1. How large is the helix-only mean residue ellipticity at 222 nm for the chain, computed as the sum of -39500 (n - 2.57) over DSSP H runs with n ≥ 4, divided by its residue count, in deg cm²/dmol to the nearest 500?
2. Considering only C-alpha atoms, what is the centroid distance from the range 148-175 to the range 23-80, in Å?
3. List every residue whose amide H lies under 5 Å from the amide H of Gly113, counting only residues 5 or more places away in sequence or on a different chain, with H placed 1.01 Å from N in the peptide plane.
4. Quick one: net charge around Gly42, please, counting Lys, Arg +1 and Asp, Glu -1 for every other residue with C-beta under 11 Å from its C-beta.
5. Only one of the values (1) 17.5; (2) 38.5; (3) 16.2 was calculated from this structure for mean projected area of the Cα convex hull in nm²; name its label.
6. What length, rounded to one decimal in nm, is gained on full extension from Arg136 through to Thr212, with 0.36 nm per residue of separation minus their alpha-carbon distance?
7. In nanometres, what is the gap between the two model label sites at Gln148 and His270, each 7 Å from Cα along Cα-to-Cβ?
8. Would you calculate the separation in nanometres between label points at Ala124 and Ala322, each defined as 7 Å from the Cα along the Cα-to-beta-carbon direction?
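Computed from the coordinates by the stated procedures, all read-outs in this text should not be read as laboratory data. Just so you know, these numbers come straight off a predicted model, no measurement behind them. Reconstructed Cβ throughout: ideal geometry from the backbone, glycine too, with neighbour counts over all protein chains shown.
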Amino acid sequence: MALSVNPQTQHQEGTPILLARGAVPAYPHPVNIFALVDRNTGEVSITDPGSFTAEGLKCLEDGLAARRIEWRQIKHVLLTHGHFDHYGLASYVVEKSGAVVYCHRREADRVNGSFKNPFIKDEAATVSFFRQMGCREEKIAEVLKAAQKANDFARPVPGENLRLVDGGDLISCGQVELQVIHTPGHTMGSVCYLCAENNFLLTGDTLMEGVTPNPIFEIISPLEAETFMSVIRYRESLLRLEQFSGVAAYPGHGRWPLPAGFLAREMLSHFASRQKLIAGCLEAGEKTAAEIADIVFPDVHGYHIFLALSEVVGHLGCLWEAGTVTYRRENGVFCWRLK
């Protein structure tokens with residue numbers, strides 16, 4: 001599956017180098033922090049700098065020291081999305097370097113601190129939605145408690161150092177030009193950064209090997225239509241990325257470089273299988289989204305309850321769009337059934 005390049009031993013000028021593998025609290029997969037170094041000017045651009053923890057900071061500082069990169073050289077921080085394990089240390093990098101931080105405008109509320117935490121913007125709306133999806137009260141409380149802990153692992157990026165981007169925008173990182181590719185799904189503001197000249201794509205959590213990039217819903221008001229669209233948007237993003245044949249993907253976790261088009265096809269296949277499984281849960285009769293989540297993702301705890309329900313709701317949105325399922329409302333709870 002991997003490209004012929006061995007990232008541990010070879011590096012093509014103008015392509016990303018691994019700066020560090022940042023430790024992530026309560027998560028087994030460290031975040032890949034890549035750097036683009038302009039050999040002529042010494043200017044450095046880095047991707048998602050990791051979590052705001054002592055261990056995460058040490059990983060980043062050790063990586064800079066090993067590459068003999070000084071803080072003052074860092075001019076750009078490229079955020080793929082606004083989860084704490086990716087943007088958490090961005091404010092610290094700004095403090096040390098004065099760098100400009102880039103993120104998609106749909107991620108601004110996460111990155112600038114407007115979100116209550118990296119997963120939930122409006123707690124009351126989230127609780128209401130969870131109840132309508134049939135989630136038990138003790139599980140809702142567990143999700144809120146776990147989500148609150150995420151606030152310890154990130155600091156808001158100062159507004160004067162934050163640049164909001166859209167799909168198609170170009171960012172000059174020294175001699176390298178990157179194009180912003182908007183890839184909603186994992187979050188609605190997830191992006192990849194494409195260097196067409198050097199044939200690589202910084203993919204964050206949109207494309208990874210061996211880890212499902214969970215499509216996370218966003219609730220701004222209860223039952224806003226877009227809440228159900230996370231997997232639909234993800235599928236659209238994957239269909240675009242499937243065309244990136246021969247482009248090397250540099251994911252936010254796991255191995256690198258990997259073939260972007262192949263990874264996209266693998267994820268599309270996975271999603272098709274997952275939707276079949278979720279539809280199969282309704283063969284015995286109607287169920288709430290929470291009941292389906294308990295079947296598909298048994299024994300999950302903490303914020304994984306949120307992730308499990310998020311994925312099920314997203315897939316139900318796809319199945320509803322395809323005309324495979326429908327729902328009815330009983331006592332304020334949505335019950336899904338095969339059509």
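1. On the way: 10 runs with 112 residues, N = 339.
Helices in the chain give a 222 nm mean residue ellipticity of -10000 deg cm²/dmol.
2. Taking the Cα centre of each part, the range 148-175 and the range 23-80 sit 14 Å apart.
3. Val157
4. Working: positive: Arg39, Arg68, Arg72, Lys75; negative: Asp38, Glu43, Glu70.
Summing Lys and Arg as +1 and Asp and Glu as -1 gives +1.
5. The value matching this structure is (3).
6. Working: separation 76, 0.36 × 76 = 27.36 nm, distance 2.53 nm.
My answer for the length gained is 24.8 nm.
7. It works out to 3.2 nm between the two label points.
8. 3.8 nm
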